[in-house]
Amino acid sequence: MLDYYRLSDQFTDEERQTQAGVREFLDAEALPHISGWWERAEFPRQLVPRLAEFGLIGANMPVEYGAAGVGSLAYGLVMYELERIDSGLRSFASVQGALCMYPILRYGSEEQRQAYLPKIASGEMIGCFGLTEHSGGSDPGAMETKARRDGDSYVINGVKVWISYGSIADIAIIWAKDDEDGTIRGFVVPTDTPGFSAKKIERQMSLRTSGASELVLEDVRVPASAMLPKAAGLSAPLSCLTQARYGISWGVLGPLEYVYEEALAFSKARKTFGKPIGGRQLVQDKFADMLADHTSGLLRACQLARLKDAGKLSYTHVSLAKRENTRAALRGARLAREILGASGITLDYHTIRHMLNLETVDTYEGTRDIHSLVLGRDITGLDAFS
């Protein structure tokens, strides 16, 4: 791992072994194929059982539900290594763990936990998280999806959009407003329920392995037991996003390392005017910026892990890390693309794929502007959202 300040000296042997093992596995089984999967907009379902075998699905979930139960730092390192290969792979693990398993674990009944968590952890079942709507992802409180109580059932109507893995999911965590009192509630909805349909969004030029979809729910009837009993209000889905953003804050440093190393190797081999371009002052300035950004990001991520394990992590801490680390990774990918020159626009190198993926990661789960407002409110005590 790129580690200029030797932060890994503070890792446990188990944490270092986790990272090394995940990197070796992904370099062998994913890296040689990822450009083809990305170019074909294909999610590698055949890889899911292997991800599960290595404990990479819901890695920080409890062992009693079939997960690996790793600590916060080891989980961050897993996200780092997954996204070093492709943001879509990290996104898959984030969706399964932070956005599907976590809400069931925190807000679900024990019956729901037993029914779903082991199957997701084993890769037998794939989930998706249905929150965003056409009316605006940055304002989830304005959702129009409704759930109406009808005897021992709920009937759900609405449309969700930009739902990663929606077209291949077996279950969806659907967030809807209770028609009776407007309270936002979560439901575990099997995707084969009558009235549920998913359409893959085509022609996207970023996160092409994620299978983003539009979900349509037309009079979807689920038993009342499908509702997450402890989830009431917008704070529930937002808490899930905090978990996912924690993983993102670690994950994006993986592609930043990859494009840095790829551009560095290129700069030593590519010669202009009789010398390697890596010897040019302007090129070295780009490398210095990339290294500084990665080092700062890793410091932030490691401190997040410490705060998380100590029970002192705030969603505003995560907002700062998501805001800064994703933009740093995107900026680094753009610099690497510049160093690669014309070669940087082909899939013969991985930089352009990472750069395009990071355009989405910089945007989803809170844009830079939204996280600025979250932090501004925390700093001043004044709400600028409206």
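For this structure, a couple of remarks:
- Prolate/oblate/rounded label for the stretch 33-159 (Cα gyration tensor, a/c 1.5): oblate
- Estimated at 0.36 nm per residue, the fully extended path between Ser343 and Ala142 surpasses their Cα-Cα distance by 67.9 nm.
- Surface accessible to a 1.4 Å probe, per residue, for the residues of the chain, Å²: 42 Å²
- Cα gyration tensor category, rounded, prolate or oblate, for the stretch 122-168 with a/c compared to 1.5: oblate
- Relative to the 2.2 N^0.38 Å rule of thumb, the stretch 22-65 has a C-alpha radius of gyration ratio of 1.32.
- Ranked from largest to smallest solvent-accessible area, with a 1.4 Å probe on the protein heavy atoms, Asp192, Asp13, Asp3, Asp289 come out as Asp192, Asp13, Asp289, Asp3.
- Taking a point 7 Å out from the Cα of Ser197 in the direction of its Cβ, the residues of the stretch 146-176 whose backbone N falls within less than 16 Å of it are 157-161, 167-168.
- Top of Val222, Val63, Val252 by mean-square fluctuation, Gaussian network on the chain, Cα under 10 Å: Val63
- For the stretch 256-340, the fraction of 1.4 Å probe accessible surface lying on carbon and sulfur atoms is 51 percent.
- Most to least accessible of His371, His317 (protein chains only, probe 1.4 Å): His317, His371
- Helix-only arithmetic for the chain: the sum of -39500 (n - 2.57) across DSSP H runs with n ≥ 4, divided by the residue total, places the mean residue ellipticity at 222 nm at -15000 deg cm²/dmol.
- Estimated FRET transfer efficiency (Lys268, His33; beta-carbon r; R0 30 Å; 0.05): 0.65
- Loop trypsin sites (Lys or Arg not before Pro), the stretch 294-386, which have at most 10 other Cβ atoms in a 10 Å radius of their Cβ (DSSP): Lys312
- Shown for the stretch 8-163: the carbon plus sulfur share of the solvent-accessible area, taken with all protein chains present and a 1.4 angstrom probe, equals 47%.
- The stretch 204-326: C-alpha gyration tensor shape, a/c 1.5 cut-off, then a/b vs b/c: oblate
- Part-to-part distance (alpha-carbon centres) for the stretch 358-382 and the stretch 247-317, which is given in Å: 21 Å
The values are calculated or read from the model by the stated rules, or taken from the named source; none is laboratory data. Remember, it's a predicted structure, so these values are computed and weren't measured experimentally. Cβ: placed from backbone, ideal geometry, glycine included. Neighbour counts: every protein chain shown. Heads up: the accessible areas ignore ligands, DNA and RNA and are worked out on the full protein's heavy atoms, side chains in. Shrake-Rupley method; radii C 1.70, N 1.55, O 1.52, S 1.80 Å.
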